[in-house]
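Worksheet for the structure shown next.
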Amino acid sequence: MAQQTINTISPNELLAYALRLKNANYRLVAISSSNVENGIEMSYSFDSGNDFVNLRIIARPGDEIESISSIYSYSFLYENEIKELFGVNITGISPDYKDKLYRISVKTPFNAKEGDNNG
Amino acid sequence: MGKETVIPFGPQHPVLPEPIHLDLVLEDETVVEAIPSIGYIHRGLEKLVEKKDYQQYTYVAERICGICSFMHGMGYCMSIESIMGVQVPERAEFLRTIWAELSRIHSHMLWLGLLADALGFESLFMHSWRLREQILDIFEETTGGRVIFSVCDIGGVRRDIDSETLKKITSILDGFEKEYSEITKVFLNDSSVILRTQGLGVLSKQAAFELGAVGPMARASGIDIDMRKSGYAAYGKLKIEPILETAGDCYARTSVRIREVFQSIDLIRQCIAMIPEGEIKVKVSGNPNGEYFTRLEQPRGEVLYYVKANGTKFLDRVRVRTPTFANIPALLETLKGCQLADVPVLILTIDPCISCTER
Amino acid sequence: MSFFTMTKTLIKSIFHGPYTVQYPLEKKGSFPASRGRIEINIEDCIFCGLCARRCPSNAINVVKAESLWSINRLRCIQCSYCSEVCPKKCLKMNNIYTAPSFENVEDEYRNARVSDNKENNRNIAGAC
């Protein structure tokens with residue numbers, strides 16, 4: 001199995017790391033997330049043509065994750081999506097769709113076990 | 001400066017039979033802002049991974065979208081193979097590449113037809129789709145399905161193509177190429193097409209990078225990004241050069257896609273010339289444990305597969321970031337400042353696949 | 001920029017005639033490899049239920065006690081995964097397309113095995 005770089009960082013270091021990558025001409029590939037024990041694991045993937053880097057943070061219930069849309073403007077779609085499907089409290093997304101991106105009837109369907117304000 | 005009006009565009013709209021909704025804020029006839037809302041066909045396929053085991057999910061992954069169906073299956077299988085450390089036989093890698101490139105031709109032909117339709121050029125639309133039919137017949141003959149092939153499996157492919165059929169594919173492609181190059185002249189030279197595409201929706205190289213565009217959208221603006229160069233499947237053994245344009249308008253995007261069809265034909269020829277004999281599948285046993293990010297180049301651009309497994313037969317998470325999702329910010333940018341009448345062509349120009357976007 | 005670029009193609013297709021198939025009168029044949037519908041050779045079936053468990057769309061239903069094998073034709077997605085996992089190779093994908101239907105069709109097959117087929121009966125115990 002080929003190894004891929006995954007840096008686990010704490011949520012408040014995220015913006016600093018993202019800015020460093022942006023200055024090194026990295027492009028944001030995707031933000032993925034998955035349920036882990038007591039929280040949501042978010043992976044930010046970046047690519048610079050010959051290098052593929054992932055930043056990983058764990059959003060604990062009640063944590064506020066700051067949006068990186070001030071650095072990577074197109075991250076807003078990913079962040080809105082994660083906010084709606086997983087219920088991660090991401091703040092400062094621009095533009096913030098306020099749970100109106102997806103027309104779904106269930107709140108935070110991918111995190112149904114714990115309800116929407118638990119994480 | 002006129003009064004601001006909001007026109008709801010979609011979910012039923014004249015571009016393609018897939019639901020996307022845009023609120024277009026207009027000043028007179030000029031779009032000043034576009035606000036998307038999607039999710040009309042959110043099916044929760046990513047969530048389904050908790051109910052279907054990792055082998056069954058191959059068939060679910062293929063059904064994310066009908067056009068890039070094969071590459072969805074392939075991306076998913078490649079992720080699982082990377083996690084489990086499975087070495088796919090070389091012949092299977094080549095067969096996958098052949099099917100993937102045929103899918104690219106069929107997708108681009110579909111797009112060209114839709115473009116002609118959006119421009120109101122009905123006969124061109126019919127002829128593009130007539131040519132596409134030959135590719136669909138190749139699919140049915142080799143895989144059994146016209147749209148969903150169910151041919152990619154974890155550890156290889158499920159059906160082989162014998163040398164007789166490979167020869168037949170080459171001759172079909174020869175005929176296709178001849179007829180296709182006649183049609184491309186209409187797309188690239190005809191005044192009625194040029195007047196509707198040239199200079200429309202210009203996306204500069206800088207803007208395309210800033211907005212994270214992928215695929216033909218980025219390549220038409222001069223960004224050299226093509227995942228096939230990373231050499232997955234058999235692409236590492238083929239000669240491949242990304243097709244770039246610099247203008248960044250609708251015409252450039254059309255031109256990139258048109259030339260990519262010729263490139264795909266060339267890649268298939270290379271594959272058929274080089275394809276080795278041998279096994280097409282290795283047996284896979286056990287359950288995956290680990291996580292992996294796979295990226296490949298779909299007709300619409302780069303797709304990312306994130307698969308996380310926990311050692312049981314049910315996966316923890318499958319996440320698909322499709323190219324249309326990545327291209328929406330670029331689309332919103334190009335819509336600003338265009339005329340209302342050009343909106344259908346502009347939306348089409350990113351080659352939107354809404355069912356991919358919403359999974 | 002040029003005009004009438006389409007003319008050559010159009011004239012060609014006038015002489016060629018329609019490229020389409022006049023459907024009800026004329027039918028487009030299927031290829032030997034086409035995926036049509038699942039057929040079962042019920043005499044060989046041991047009702048192990050492997051096909052039903054593996055089917056991604058839960059189209060197959062097997063009741064071992066009643067020796068009953070049934071498939072919901074509209075749920076079947078023609079992936080032929082069942083025919084690959086079948087231990088007795090009694091399932092086969094043929095190339096005849098499923099006919100259009102007005103209602104949900106559940107095709108049922110009951111065991112028609114002759115009573116002295118000891119070998120098959122032994123395999124039931126072995127497979128499950």
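Among the residues making up the stretch C:70-88, those that are in contact with an Asp or Glu (Cβ under 8 Å, 6 or more places away or on another chain) and at pLDDT 85 or above are C:Ser70, C:Ile71, C:Asn72. Only one entry of B:Leu119, B:Leu24 meets the criterion of being touching a helix residue (DSSP H, G or I) at 6+ places or on another chain (Cβ under 6 Å) and either surrounded by fewer than 23 Cβ atoms within 10 Å (Cβ to Cβ) or closer than 26 Å to B:Val256 by Cα (or both), and that entry is B:Leu119.
For the stretch A:56-87, filtering for residues that are aliphatic (A, V, I, L, M) and under 17 Å from A:Asn12 (Cα atoms) leaves 6. Listed conditions (1) crowded, with 19+ Cβ neighbours inside 10 Å; (2) of a type outside the set (A, V, I, L, M, F, W, C); (3) over 23 Å from B:Thr294 (Cα atoms) are all met by B:Gln56, apart from (3).
When the stretch B:194-213 is filtered for residues that are assigned to a loop (DSSP other than H, G, I, E, B) and within 10 Å of another protein chain (Cβ to nearest Cβ), the ones remaining, listed by number, are B:Gln198, B:Leu211, B:Gly212, B:Ala213. Considering each residue of the stretch B:335-359, count those that are farther than 18 Å from B:Ile194 by Cα, of a type in the set (Ser, Thr, Tyr) and either without any contact (Cβ under 8 Å) to a residue 12 or more places away in the chain or crowded, with 23+ Cβ neighbours inside 10 Å (or both), and give that number. Residues in the stretch B:335-359 being farther than 18 Å from B:Ile194 by Cα, of a type in the set (Ser, Thr, Tyr) and either without any contact (Cβ under 8 Å) to a residue 12 or more places away in the chain or crowded, with 23+ Cβ neighbours inside 10 Å (or both): 1 in total.
Residues in the stretch C:5-47 that are part of a loop (DSSP other than H, G, I, E, B), more than 8 Å from chain B (Cβ to nearest Cβ) and more than 28 Å from C:Glu108 (Cα to Cα): 11 in all. Residue count for the stretch B:15-47 under the criterion of being more than 23 Å from A:Pro109 (Cα to Cα), at pLDDT below 80 and within 13 Å of chain A (Cβ to nearest Cβ): the result is 0. Residues in the stretch A:85-110 that are at the interface with chain B (Cβ under 10 Å from one of its Cβ atoms), within 19 Å of B:Arg319 (Cβ to Cβ) and modelled with pLDDT under 80: A:Leu101, A:Tyr102, A:Ile104, A:Val106, A:Pro109, A:Phe110.
Of the strands (runs of 3 or more DSSP E) that lie entirely inside the stretch C:54-116, those containing 2 or more residues that are surrounded by 12 or more Cβ atoms within 10 Å (Cβ to Cβ) and hydrophobic (A, V, I, L, M, F, W, C) span C:60-63, C:68-72, C:91-94.
Are any of the residues in the stretch B:150-165 surrounded by fewer than 18 Cβ atoms within 10 Å (Cβ to Cβ), of a type outside the set (Ser, Thr, Tyr) and in a helix (DSSP H, G or I)? Checked against the condition, which is being surrounded by fewer than 18 Cβ atoms within 10 Å (Cβ to Cβ), of a type outside the set (Ser, Thr, Tyr) and in a helix (DSSP H, G or I), the stretch B:150-165 yields at least one hit. Taking B:Leu188 as the residue in question, decide whether it is in contact with a helix residue (DSSP H, G or I) (Cβ under 8 Å, 6 or more places away or on another chain), surrounded by fewer than 21 Cβ atoms within 10 Å (Cβ to Cβ) and within 13 Å of chain C (Cβ to nearest Cβ). It is true that B:Leu188 is in contact with a helix residue (DSSP H, G or I) (Cβ under 8 Å, 6 or more places away or on another chain), surrounded by fewer than 21 Cβ atoms within 10 Å (Cβ to Cβ) and within 13 Å of chain C (Cβ to nearest Cβ).
Scanning the stretch A:43-84 for residues that are in contact (Cβ under 8 Å) with a residue 40 or more places away in the chain, under 11 Å from the mean Cα position of the chain (by Cα), away from chain B (no Cβ under 11 Å) and not in a helix (DSSP H, G or I) gives A:Leu55, A:Ile57, A:Ile58, A:Ala59, A:Ile65, A:Glu66, A:Ile68. Within the stretch B:219-226, can one find any residue that is in a loop (DSSP other than H, G, I, E, B) and of a type in the set (Ser, Thr, Tyr)? The answer is yes, given that some residue of the stretch B:219-226 is in a loop (DSSP other than H, G, I, E, B) and of a type in the set (Ser, Thr, Tyr).
Summed over the stretch C:80-104, the residues that are touching a residue at least 12 places away in the same chain (Cβ under 8 Å) and within 13 Å of chain B (Cβ to nearest Cβ) give a count of 11.
The values are calculated or read from the model by the stated rules, or taken from the named source; none is laboratory data. The structure displayed is predicted, hence computed values, not measured ones. So basically every Cβ, Gly included, is an ideal-geometry build from the backbone, and we count neighbours across all protein chains shown.
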